[in-house]
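Beneath this line is the structure, given in structure tokens, with notes to follow.
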Amino acid sequence: DVKVTQSSRYLVKRTGEKVFLECVQDMDHENMFWYRQDPGLGLRLIYFSYDVKMKEKGDIPEGYSVSREKKERFSLILESASTNQTSMYLCASHGTSGQQYFGPGTRLTVT
Amino acid sequence: DQQVKQNSPSLSVQEGRISILNCDYTNSMFDYFLWYKKYPAEGPTFLISISSIKDKNEDGRFTVFLNKSAKHLSLHIVPSQPGDSAVYFCAAIPGSTLGRLYFGRGTQLTVWP
């Protein structure tokens, strides 16, 4: 079974802090994704990566950056956390089939 | 602009009855469609998919129907069970893709006894 793990299930940070969210997949997938989920807004794509050191902006990249130094690991960085970045963050990876495999999510609260 | 739309934010169905969740899309380049199910505090899990060359795909209690001319797909759950209560997301992939999915906003399904 594909496994996608995220470094934290719950995280509380202060406004202005730099925040790192880590995601690791164990299936040698090329493509990895970061989404955020907010009530009534569904899953919105922040960034994705189709290869090591490659990244593409999604629909809402402002305030975020990413890093993909190794194939299995994709990190999301909030350079200066703000309260409007309080959300559920979901990482996913994608192999040769059409489907994406999601991690369990990180519930981030910025106070 | 939403390219995948789920116009019903919620659906309530009695146990044993059919649940029908609907999804519309605008991009004619979409050629593969998926449904995901999400419980609170968990990541979405893949449920069922359909290629644009088909109009129906079944997997147990779940059937997805695709009407390309109407740019519409639906998920049927028969019979519905209380454990099916979750948020259901419709997603689509365009033909030329790096694997990026376009998601609808989700429909909260509640199945009551």
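The values are calculated or read from the model by the stated rules, or taken from the named source; none is laboratory data. Worth saying up front: this structure is predicted, and the values here are computed from it rather than measured. All Cβ positions, even for glycine, are placed from backbone atoms using ideal geometry, and neighbour counts span all protein chains on display. The protein model used for the area step is the full one, side chains on, heavy atoms only, and it has no ligands, DNA or RNA in it. Shrake-Rupley method; radii C 1.70, N 1.55, O 1.52, S 1.80 Å.
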Contact surface B-A: accessible area buried, both sides summed, square angstrom, 1.4 angstrom probe: 1700
Sparse-neighbour loop sites [chymotrypsin sites (Phe, Trp or Tyr not before Pro); segment A:17-89; at most 14 other C-beta within 10 Å; DSSP]: none
Reachable lysines from residue B:56, criterion Cα separation under 24 angstrom, eight or more residues apart if same chain: B:5, B:37, B:38, B:68, B:71
Shielding by other protein chains, A:94-105, mean Cβ within 10 Å: 6
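State, as an integer percentage, the relative contact order of chain A based on alpha-carbon contacts under 8 Å between residues 6 or more apart. Show your work: numbers first, answer last.
Numbers: 291 pairs, mean separation 40.1, N = 111.
About 36 percent, as a whole number.
Counting alpha carbon pairs within less than 8 Å and at least 6 residues apart, what relative contact order, in whole percent, applies to segment A:47-111?
Once divided by the residue count of segment A:47-111, the mean separation gives 23 percent.
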Which trypsin sites (Lys or Arg not before Pro) in segment B:17-113 sit in a loop by DSSP (not H, G, I, E or B) and have at most 13 other Cβ atoms within 10 Å of their own Cβ? B:17, B:54
Using a 1.4 angstrom probe, figure out how much accessible area the protein assembly as shown has per residue, in square angstrom, rounded to the nearest whole. 48
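Could you work out, residue by residue across A:31-41, how many beta carbons of other chains sit within 10 Å of that residue's beta carbon, and then give the average as an integer?
Working: counts 4, 1, 4, 0, 4, 0, 7, 1, 5, 3, 3.
Mean partner shielding for this stretch: 3.
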Trypsin sites (Lys or Arg not before Pro) within segment A:34-111, DSSP loop, no more than 16 other Cβ atoms inside 10 Å: A:53, A:71
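What percentage of the solvent-accessible surface of segment A:4-103, computed with a 1.4 Å probe over protein heavy atoms, is contributed by carbon and sulfur atoms? Walk me through the intermediate numbers first.
Details: 2320 of 4700 Å².
C and S fraction of accessible area: 49 percent.
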Cross-link reach from residue A:53 to lysines, straight Cα distance under 24 Å and at least 8 residues apart if same chain, gives A:3, A:18, A:70, A:71
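Per residue, what volume in Å³ does the Cα convex hull of the protein assembly as shown take up? Walk me through the intermediate numbers first.
Values: hull volume 26.7 nm³, N = 224.
Given the Cα convex hull of the protein assembly as shown, per-residue volume reads 119 Å³.
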For chain A, set up a GNM with springs between Cα atoms under 10 Å and report which of A:49, A:93, A:82 has the largest fluctuation. A:82
In sequence order, what are the phi-derived ³J(HN,Hα) couplings for segment A:65-81 according to the Karplus relation 6.51 cos²θ - 1.76 cosθ + 1.60 with θ = phi - 60°, rounded to whole Hz, with x for glycine and proline? 9, 9, 9, 9, 8, 10, 4, 7, 10, 9, 10, 10, 10, 9, 5, 8, 4
